[in-house]
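Down below is the structure, laid out as structure tokens.
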Amino acid sequence: MSSPQPVRGTHDLLPEDFRRHAHVSNTAREIAARFGYLETATPIFEFTEVFARTMGETSDVVSKEMYSFDSRSGESITLRPEYTAGICRSFISNGLQQNVPYKTFAHGPMFRYERPQKGRQRQFHQIDLECIGAPEAKADIEVISVGALILDALGVMTNCELEINTLGDTESRQAYRQALVDYFSDHKNKLSEDSLNRLTRNPLRILDSKDKGDRVLVENAPIFTDYLNSYSTDFFAEVLEGLEALGIAYNLNRRLVRGLDYYTHTAFEFVTTALGAQGALIAGGRYDGLIETLGGKPTPGIGWAGGVERLAMMAANVPDAPRPIAIVPVGDVAEKMAAKLSYRLRTEGFVIEMAYKGNVGKRMKRANKLGSRAAILIGEDELAKNVCTFRDLDAGTQEEIPLEKISETLKSLG
């Protein structure tokens, strides 16, 4: 029998990987909290209709990528492919309409059946930020600025750019939608099969097509800004002015869209080429119609999600793992004392490593392999004098220290 392997598209987070992941989520959590975004958690699975309604029955995610199954009671359940829908469902389910603006941060695993590639797996992780109930452009500015500050704190901002566009309000979007239908209808014979299917249902998604023939047509397609009404133009201008005031640079990308009708106004992505082809590290936008799509009262919202795997790969300032202090008993008599000392020092906050067995040589070899900062040796001679032999492994020095002063000595280590 061959050795067991993880399912394709999944991977084990071993200590080094987990430390990098934790650095991303901890950094994001701490910065989000500065802006008043408090952490919540939604279930890893929801009723399938939560995602089918919000992501669109014909979207690739719903039709091709979701992990859905029937529960024992016959209900269709889906492992979450993204956070926003579940958080909005939670907003409705828990009657949080009186708590607006509802500002929340979340992080955790997502699931999509797609081709595994660098920085993208079938089980992957996201950080997520949502501001629900705030129609003002100030919310857009704040949400984007939180993302920028997180990327900067991770040492990533210098390797990415903010791309931004406006999708306008419902009136502007409907006018643009009709313009796209008219334009692409004149080129039906050149559209891919997928784009033909989207032409009447969701023409904005043609702008996202990766088909080479479609891309040629998209280059000459109508531009959204030509169909914006004055309110939408003024709203977007306020967002851009707010970003400029904060010193957050941006590139206008008039082809940046969101396919579903509940998206309005601001759409944005922090993109990078540091991992090969251009990819988004954080992507988001305003979704003023989403809560209503789920059956709630009309409620504006804006948010973003970021891929932890990609951010962890790029993070430039991940703190080192704490270096342990090795405690090495010399002989059987010292074992109990060493165990008691280990426990006491751990309760005081020190990282202590004590091997379960082995002579001094083997235990010191393990201490060096773990990168221990120092070693505390206790034998019969030390016990008789109530001292320990303290080895500074960086300096290569050794001295006897009274056991009651060992905590003070450890605190003084650089």
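Residue pairs, Cβ under 6 Å, 6 or more apart or interchain, first in the stretch 145-156 and in the same structural domain as Val239 (by TED's automatic domain parsing) and among the β-branched types (Val, Ile, Thr), second surrounded by fewer than 24 Cβ atoms within 10 Å (Cβ to Cβ) and not in a loop (DSSP other than H, G, I, E, B). List them.
Within 6 Å, the pairs are Ile150/Ile31; Val156/Met314.
Taking the stretch 213-234, which residues are in contact with an Asp or Glu (Cβ under 8 Å, 6 or more places away or on another chain) and over 19 Å from Gln178 (Cα atoms)?
Result: Tyr231, single match.
Go through the stretch 169-204 and count every residue that is assigned to a helix (DSSP H, G or I), acidic (Asp, Glu) and surrounded by fewer than 15 Cβ atoms within 10 Å (Cβ to Cβ). Can you show your working first?
Looking only at the stretch 169-204, we keep the residues that are assigned to a helix (DSSP H, G or I), and these are 170-185, 188-190, 193-201, 203-204.
When the remaining residues are screened for being acidic (Asp, Glu), the result is 171, 182, 193-194.
Those left that are additionally surrounded by fewer than 15 Cβ atoms within 10 Å (Cβ to Cβ): 171, 182, 193.
Adding up the residues that qualify gives 3.
Considering only the stretch 15-62, state which residues are on the phi > 0 side of the Ramachandran plot and modelled with pLDDT of 95 or more. Reasoning before the result, please.
Taking the stretch 15-62 as the starting set, the residues that turn out to be on the phi > 0 side of the Ramachandran plot are 36, 56.
Listed by number, the list holds a single entry, Gly36.
Answer with yes or no whether Cys131 is outside any helix (DSSP H, G or I), in the same structural domain as Val24 (by TED's automatic domain parsing), modelled with pLDDT of 90 or more and crowded, with 20+ Cβ neighbours inside 10 Å.
Values: outside any helix (DSSP H, G or I): yes; in the same structural domain as Val24 (by TED's automatic domain parsing): yes; modelled with pLDDT of 90 or more: yes; crowded, with 20+ Cβ neighbours inside 10 Å: yes.
Yes: the conditions hold for Cys131.
Any idea which residue in the stretch 295-314 is surrounded by the most Cβ atoms within 10 Å (Cβ to Cβ), counting only those that are out of contact with any Lys or Arg (no Cβ under 6 Å at 6 or more places or on another chain) and of a type in the set (A, V, I, L, M, F, W, C)?
Start the filter on the stretch 295-314 by keeping residues that are out of contact with any Lys or Arg (no Cβ under 6 Å at 6 or more places or on another chain), which leaves 295-301, 303-311, 313-314.
Checking which are of a type in the set (A, V, I, L, M, F, W, C) leaves us with 304-305, 308, 311, 313-314.
Numbers: Trp304: 25, Ala305: 21, Val308: 25, Leu311: 27, Met313: 16, Met314: 20.
Restricting to residues being out of contact with any Lys or Arg (no Cβ under 6 Å at 6 or more places or on another chain) and of a type in the set (A, V, I, L, M, F, W, C), the top hit is Leu311.
Identify all residues within the stretch 126-139 that are in contact (Cβ under 8 Å) with a residue 24 or more places away in the chain and out of contact with any Leu (no Cβ under 9 Å at 6 or more places or on another chain); write none if there are none.
Going through the stretch 126-139, the residues in contact (Cβ under 8 Å) with a residue 24 or more places away in the chain turn out to be 126-135, 137-139.
Gln126, Asp128, Leu129, Glu130, Cys131, Ala134, Pro135, Ala137, Lys138, Ala139 - these are the residues of the stretch 126-139 that are in contact (Cβ under 8 Å) with a residue 24 or more places away in the chain and out of contact with any Leu (no Cβ under 9 Å at 6 or more places or on another chain).
Assigned to a loop (DSSP other than H, G, I, E, B), of a type in the set (Lys, Arg) and more than 30 Å from Val24 (Cβ to Cβ) - does that describe any residue in the stretch 349-364? Show your work before the answer.
At the first step, the residues of the stretch 349-364 found to be assigned to a loop (DSSP other than H, G, I, E, B) are 349-351, 354-359.
With the extra rule that they be of a type in the set (Lys, Arg), the set shrinks to 357.
From what's left, more than 30 Å from Val24 (Cβ to Cβ): 357.
Checked the stretch 349-364: at least one residue is assigned to a loop (DSSP other than H, G, I, E, B), of a type in the set (Lys, Arg) and more than 30 Å from Val24 (Cβ to Cβ).
Is the stretch 213-235 home to any residue that is over 29 Å from Ile144 (Cα atoms) and in a loop (DSSP other than H, G, I, E, B)? Reasoning before the result, please.
The initial filter retains those residues of the stretch 213-235 that are over 29 Å from Ile144 (Cα atoms), namely 213-214, 216-217, 220.
Keeping just the survivors that are in a loop (DSSP other than H, G, I, E, B) gives 220.
Within the stretch 213-235, one or more residues are over 29 Å from Ile144 (Cα atoms) and in a loop (DSSP other than H, G, I, E, B).
The values are calculated or read from the model by the stated rules, or taken from the named source; none is laboratory data. Since this is a predicted model, take the numbers as computed values, not measurements. FYI the Cβ positions are ideal-geometry reconstructions off the backbone, even for glycines, and counts take in every protein chain you see.
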